[in-house]
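The values are calculated or read from the model by the stated rules, or taken from the named source; none is laboratory data. All values derive from a computational prediction rather than experimental measurement. Methodologically, a virtual Cβ is constructed for each residue, glycine included, from the backbone with ideal geometry; neighbour enumeration extends over all protein chains shown.
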Amino acid sequence: MKSESGQPAREVIKTVDDRGTLYIVATPIGNLEDLSPRAVKVLSEVAVIAAEDTRHSGRLLQHLGVNKPLLALHDHNERGRVQSILERLSEGSDVALISDAGTPLISDPGYVLVREARNEGIRVSPIPGPCALIAGLSAAGLPTDRFLFVGFLPAKRAGRRSVLEELRKDAATLVFYESPHRILDTVADIAEVLGPQREVVLGREITKTFETFYSGEAAEVLGELTGDPHGNRGEFVVMVRGAEKAGSGLMAGEVDVDRLLKLLMVEMPLKKAAKIASELTGLGKNELYQRALEFKDS
Ligand code: SAM
């Protein structure tokens, strides 16, 4: 068979797969109007819905008028439950996975199921929608070109501080989830470990009636939160500006390298100066040698 360009068309071999599809369905993080029409359609059409908390999700489904068998799938039974869900999929039934709020697998159960389903070659399809970390980032006014989602920090102070210590020099915007009863301690640790001037944005009760964004330097946000009688209520996304990079641009970097080269040249032969400067900066040895020669000639 030839394609329009005259080249032989790549033959696509389609295997017939009559197994079901596992749909990963995002549900609201507070505002029921955020449930997409496609999510409603999928939930109405699948044979079974796997849910983190069947009672909690039962209320959402009742609100939607969806009456489907619910299977509990939570952190404590996920491994055991996966097999029976895979069997349903293998028999040709479509299955939806939902969590209590937002996107499954994002600090929620489902990883083992999705992994195993993919290993078995079963089709896994996302039905995207609300996710607290993305909603928070989209409105925080912090850089989003590079961010690191850390999930929940350890509950104990020492563990929390050691994770923050590891992240202290990371240039990416940091995103955490936090529970209301630990929010003050966490912001206090951020101020201490990352510095009181580090920019912090807290997204509280996003999409809900009392949605609030607190932003400013870590110490200011801590003060604002402490002074707010509702400050430690509700759900929080904690976002922190990444660390400033040493030397903020190419020009500054070049100036530093030149200075380094000149200092080294006073102390040692050019070749050695170029070699050490190359090791320290990651720039090419030959390029630095040429530059050192230019300095010498001038
Ligand atoms: N899978 C969910 C998602 O897609 O965002 C997150 C589940 S995780 C168990 C729950 C945490 O998400 C909460 O403790 C809170 O940190 C954050 N969260 C969920 N809903 C939120 C909301 N409306 N406003 C702020 N944070 C929220």
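Name the one entry in Ala140, Ala155 that is in the same structural domain as Ala218 (by TED's automatic domain parsing), more than 18 Å from the chain's Cα centre (by Cα) and of a type in the set (A, V, I, L, M, F, W, C). Walk me through how you get there before you give the answer.
Numbers: Ala140 fails: more than 18 Å from the chain's Cα centre (by Cα).
So the residue among Ala140, Ala155 that is in the same structural domain as Ala218 (by TED's automatic domain parsing), more than 18 Å from the chain's Cα centre (by Cα) and of a type in the set (A, V, I, L, M, F, W, C) is Ala155.
Of all residues in the stretch 172-210 being free of Cβ contacts under 8 Å to residues at least 24 places away in the same chain and more than 18 Å from Arg157 (Cβ to Cβ), which is nearest to the ligand (Cβ to nearest atom)? Working first, answer last.
Narrowing the stretch 172-210 to residues free of Cβ contacts under 8 Å to residues at least 24 places away in the same chain: 195-197, 209.
Applying the additional criterion that residues be more than 18 Å from Arg157 (Cβ to Cβ) yields 197, 209.
Values: Gln197: 24, Thr209: 11 Å.
The qualifying residue nearest to the ligand (Cβ to nearest atom) is Thr209.
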>> On the basis of being aliphatic (A, V, I, L, M), closer than 28 Å to Val40 by Cβ and either out of contact with any Ser or Thr (no Cβ under 8 Å at 6 or more places or on another chain) or assigned by TED's automatic domain parsing to the domain that holds Ser99 (or both), does Leu174 make the cut?
In response: no
>> Can you list the strands (runs of 3 or more DSSP E) lying wholly within the stretch 42-123 that have 1 or more residues being within 16 Å of the ligand (Cβ to nearest atom) and surrounded by 18 or more Cβ atoms within 10 Å (Cβ to Cβ)?
In response: 48-51, 95-98
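Assigned to a helix (DSSP H, G or I) and among the hydroxyl-bearing types (Ser, Thr, Tyr): does that describe Ser215?
Working: assigned to a helix (DSSP H, G or I): no; among the hydroxyl-bearing types (Ser, Thr, Tyr): yes.
Here the answer is no, as Ser215 does not meet what is asked.
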>> Just to be sure I understand, how many residues within the stretch 224-263 are at pLDDT below 85, closer than 25 Å to Glu165 by Cα and part of a helix (DSSP H, G or I)?
In response: 0
> How many residues are within 16 Å of the ligand (Cβ to nearest atom), in contact (Cβ under 8 Å) with a residue 40 or more places away in the chain and not in a strand (DSSP E or B) when one looks only at the stretch 142-171?
Replying inline: 1
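Residue by residue through the stretch 14-41, note down the ones that are assigned to a loop (DSSP other than H, G, I, E, B) and either within 16 Å of the ligand (Cβ to nearest atom) or of a type in the set (Asp, Glu) (or both). Steps first, please.
Of all residues in the stretch 14-41, those assigned to a loop (DSSP other than H, G, I, E, B) come to 14-20, 26, 28-31, 35-36.
Listed by number, the residues that qualify are Asp17, Asp18, Ala26, Pro28, Ile29, Gly30, Asn31, Leu35, Ser36.
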